[in-house]
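Single-structure report; data block below.
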Amino acid sequence: MRNHLSAKKSIFLLLHISLLFSSLSGVCSKMASRYTDDIFSIPFLFWFGLVFVIMFGYAIIWQQILKRMPLTVAYANKPVTLIWGIIWGSVIFDEEITWNMIAGAVVIFAGIYFVTSEKTERGGERQ
């Protein structure tokens, strides 16, 4: 039982590390957008190529997570990338974190909580 719980925690941690990794693709695409005047420039190709590398790695990890975790649970955790996006925007791009951004993230997380905590009609148990 203890091993099973430890394995679940490890997969959950891997899920969130992969979501953090995935959120970095947005950073790279924003960096690439700074060089759109010359899409064949080395900086553009580097940042745009990095988006593909990150998403390729994320796709492989995502598939491994789905082998060990229900899709509903894994997918319900994906909006954590919103939080990372807000953090990256503030830290890397010096963007201001507004109350509207925070309120929007709260609404999304509340909606996800309500959807994933609904009881099934058949068994009445939480999924």
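The values are calculated or read from the model by the stated rules, or taken from the named source; none is laboratory data. Worth saying up front: this structure is predicted, and the values here are computed from it rather than measured. All Cβ positions, glycine included, derive from the backbone under ideal geometry; neighbour counts span all protein chains shown. Note: accessible area is taken over every heavy atom of the protein model, side chains too, but ligands, DNA and RNA are not part of it. Shrake-Rupley method; radii C 1.70, N 1.55, O 1.52, S 1.80 Å.
Note on region 103-122: among residues that are assigned to a loop (DSSP other than H, G, I, E, B) and open to solvent by 50 Å² or more (accessible area, probe 1.4 Å), the one that is modelled with the highest pLDDT is Glu118. For the condition among the hydrophobic types (A, V, I, L, M, F, W, C), assigned to a helix (DSSP H, G or I) and surrounded by 15 or more Cβ atoms within 10 Å (Cβ to Cβ), Leu5 does not qualify.
Looking across Leu19, Leu5, Leu50, one residue alone is touching a helix residue (DSSP H, G or I) at 6+ places or on another chain (Cβ under 9 Å) and closer than 30 Å to Ser117 by Cα. It is Leu19.
Answer yes or no as to whether Ile65 is open to solvent by less than 30 Å² (accessible area, probe 1.4 Å), part of a helix (DSSP H, G or I), at pLDDT 90 or above and over 28 Å from Ile97 (Cα atoms). Step through it out loud before you land on a result.
Working: open to solvent by less than 30 Å² (accessible area, probe 1.4 Å): yes; part of a helix (DSSP H, G or I): yes; at pLDDT 90 or above: yes; over 28 Å from Ile97 (Cα atoms): yes.
Taking the combined requirement at face value, the residue satisfies it.
Restrict the check to region 83-99 and report whether at least one residue is at positive phi and either open to solvent by 30 Å² or more (accessible area, probe 1.4 Å) or over 14 Å from the mean Cα position of the chain (by Cα) (or both). The answer is yes; a qualifying residue exists. Considering region 39-60, the residues that are β-branched (Val, Ile, Thr) and surrounded by fewer than 17 Cβ atoms within 10 Å (Cβ to Cβ) include one that is modelled with the lowest pLDDT, namely Ile39.
Among the residues of region 68-80, write down those that are open to solvent by 40 Å² or more (accessible area, probe 1.4 Å) and either of a type in the set (A, V, I, L, M, F, W, C) or closer than 22 Å to Cys28 by Cα (or both).
Result: Leu71, Val73, Lys78.
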